[in-house]
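Written below as structure tokens is the structure these notes are about.
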Amino acid sequence: MGTSRLSGIGASSHVCGELVEARDATLQHPAKPPSQYWIAGLRRTHVAREWDALGSNAKEMPATNLHVHFGGSIPAETVARFTPYTGAFEEALERISRKQLYVPDAKKGLAPYLQHYTPTSRAVPLPDPKYAREVARDIAYNYAKDNVVVAELRINPFRDFFSIHRVPPNELSSYSEAYTRAIAAGLNEGSEAARAQGLSPTHFGVIFDGNRFTPGEKDPKESLRKAAIIVDRMYEEAIRQVKIDGNPMKVCAVGICGLEEGHPATAFKSSIDKIHAHNKEMIESGQPDKVLGISIHAGEVGTSEEASKAVLDAIMLASSPHTPVGRIGHGVLASQTKVKEGVEAMGVRLSDVHFEICPTSNFQIIKELDENAPHPGLAFENKSINSDNDALSGPVGKEARVAGASPSQAAQMVLDGISWSFRLSQLGIKDEVLEKTNQKFRDLGIDL
Ligand SMILES: [Zn+2]
């Protein structure tokens, strides 16, 4: 919340070793957070006032981030470290962060959003494990500072290798493992650095998020066909990696992301069924720590009817007796009434379906959303509040204000997020984390 991605440059130097120390000489002036961070939140002045009544306590609010793309969350200080520049820090920041990383309020829509996502995710050569490790380290350190209790990072370890490095298919598995191991190592290092400063480290999980379209492929059918092949291989890899002793890579779920139009999640059913079969085997052999969750992006585009259908399809795909009932990424354009009727017809309670709402991202992408009204996701029964892409939206802690949530609503969403975390479920520490976080809210004087 109070700590921005940009304010930690000096603080992160001890996390990041020599490379940074050399650079730090030129990074002496901590920058103010870009104004876009706060604009959406401050529009709702009544909410802002309620938050401000918490005073400095608002900075201490625990948060969760269950929907956050690794490639879209490269901290600005990490970018600065790997981007050669000359001149004053402010100028560099202007070029690197404001122009490149943040979506201007004036521009809306998925296309401009993705135009910003691409340079963000390419700002450092992420598919190289060396850089992935650095990014993960900075994220882990920042998240601990921002009081993030649990975060599940979405990575796409196949597409980048496949499309950029032309890794031969028979080597995808080993490349993918090196990448995931590097991320986990970075997360552990950043957490250690945070712990050394007396901060509570974040519990991290990693989600293998499959892209439902093939960039550059113009024929929609071909785009879907090729995506399905890659997603299938990626899910097999998630299953292989989660079974590695002790799950050192923190693999906790699989997902489907990317453009929804023309790319229905139902096209990936056979791959999703492999996850259900794996989960059945894990439950029956007494290994709940190796169960994989499923989270599908749905209901972020289209008419209310299309969005409701996409959400219902996603819930149907993700439901099985051995899989934690799925989480829906966004879902904001779906009709709650239609979704409720639909899930009940499937024998699922709507309160058992968790919606990962991402207010800043939604306001940047979805033109139909009224920024002066509370975010429609607040009406969902079971939901958490997430950043989607930190580099494009700022830290997750301020998302509750952007949504128009009161502090107690925000607190409830954090508790829901903990309850629906795939990673905490694998670790078997959900109740313990819930209890601690509840206490923290009580100490801050927030009613639940
Ligand atoms: Zn997303």
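Out of all the residues in the range 216-262, which are assigned to a loop (DSSP other than H, G, I, E, B) and surrounded by 14 or more Cβ atoms within 10 Å (Cβ to Cβ)?
GLU217, LYS243, ILE244, ASN247, MET249, LYS250, GLY258, LEU259, GLU260
Could you look through the range 287-306, keep only residues that are surrounded by fewer than 24 Cβ atoms within 10 Å (Cβ to Cβ) and among the hydrophobic types (A, V, I, L, M, F, W, C), and pick out the one that is nearest to GLU344 (Cα to Cα)?
So the residue we want is VAL301.
Just to be sure I understand, how many residues within the range 200-222 are in contact with a strand residue (DSSP E or B) (Cβ under 9 Å, 6 or more places away or on another chain) and either farther than 30 Å from TYR143 by Cα or within 16 Å of the ligand (Cβ to nearest atom) (or both)?
Residues meeting the conditions: 8.
Being out of contact with any helix residue (DSSP H, G or I) (no Cβ under 6 Å at 6 or more places or on another chain) and within 14 Å of the ligand (Cβ to nearest atom) is the filter here, so list the residues in the range 261-303 that pass it.
SER295, HIS297, GLU300, VAL301
Return a yes/no flag: does the range 152-160 have any residue that is in a helix (DSSP H, G or I) and out of contact with any Leu (no Cβ under 6 Å at 6 or more places or on another chain).
yes
What is the number of the single condition among (1) surrounded by fewer than 24 Cβ atoms within 10 Å (Cβ to Cβ); (2) out of contact with any Gly (no Cβ under 9 Å at 6 or more places or on another chain); (3) within 21 Å of VAL68 (Cβ to Cβ) that PRO324 does not meet?
The number of the failed condition is (2).
Looking at the range 90-101, is at least one residue modelled with pLDDT under 70, in a loop (DSSP other than H, G, I, E, B) and within 30 Å of PHE422 (Cα to Cα)?
Looking through the range 90-101, at least one residue is modelled with pLDDT under 70, in a loop (DSSP other than H, G, I, E, B) and within 30 Å of PHE422 (Cα to Cα).
Between residues in the range 280-306 that are at pLDDT 95 or above and residues that are in a helix (DSSP H, G or I) and of a type in the set (S, T, N, Q), which pairs lie under 6 Å by C-beta distance while being six or more apart or on different chains?
Note: pairs meeting the criteria are ASP289/GLN426; VAL291/ASN279.
What about GLU341, is it over 27 Å from GLN426 (Cα atoms), acidic (Asp, Glu), more than 16 Å from the ligand (Cβ to nearest atom) and free of Cβ contacts under 8 Å to residues at least 24 places away in the same chain?
For GLU341, the condition - over 27 Å from GLN426 (Cα atoms), acidic (Asp, Glu), more than 16 Å from the ligand (Cβ to nearest atom) and free of Cβ contacts under 8 Å to residues at least 24 places away in the same chain - is met.
Would you be able to tell me the number of residues in the range 386-406 that are away from the ligand (no atom under 12 Å from the Cβ) and not in a helix (DSSP H, G or I)?
Counting residues in the range 386-406 that are away from the ligand (no atom under 12 Å from the Cβ) and not in a helix (DSSP H, G or I) gives 5.
Limited to the range 309-321, what total is found for residues that are under 22 Å from LEU66 (Cα atoms), away from the ligand (no atom under 16 Å from the Cβ) and crowded, with 19+ Cβ neighbours inside 10 Å?
Number of matching residues: 4.
Only one of (1) assigned to a loop (DSSP other than H, G, I, E, B); (2) more than 21 Å from ASP313 (Cα to Cα) is not met by ILE283, so which one is it?
All conditions pass for ILE283, except number (1).
In the range 322-338, which residue that is within 16 Å of the ligand (Cβ to nearest atom), at pLDDT 90 or above and part of a loop (DSSP other than H, G, I, E, B) is nearest to ILE256 (Cα to Cα)?
Within the range 322-338, the match that is nearest to ILE256 (Cα to Cα) is GLY331.
Can you report the number of residues in the range 344-363 which are in contact with an Asp or Glu (Cβ under 8 Å, 6 or more places away or on another chain) and surrounded by 13 or more Cβ atoms within 10 Å (Cβ to Cβ)?
8
From the residues in the range 344-383 that are in a loop (DSSP other than H, G, I, E, B), among the β-branched types (Val, Ile, Thr) and under 17 Å from HIS297 (Cα atoms), which one is nearest to the ligand (Cβ to nearest atom)?
Per the stated criteria, the residue is ILE366.
Go through the range 228-260 and count every residue that is at pLDDT below 90 and within 16 Å of the ligand (Cβ to nearest atom).
Matching residues across the range 228-260 total 3.
The values are calculated or read from the model by the stated rules, or taken from the named source; none is laboratory data. Bear in mind the structure is a predicted one, so any value in this text is a computation, not a measurement. Note that each Cβ is placed from the backbone with ideal geometry, even for glycine, and that neighbours are counted across all protein chains shown.
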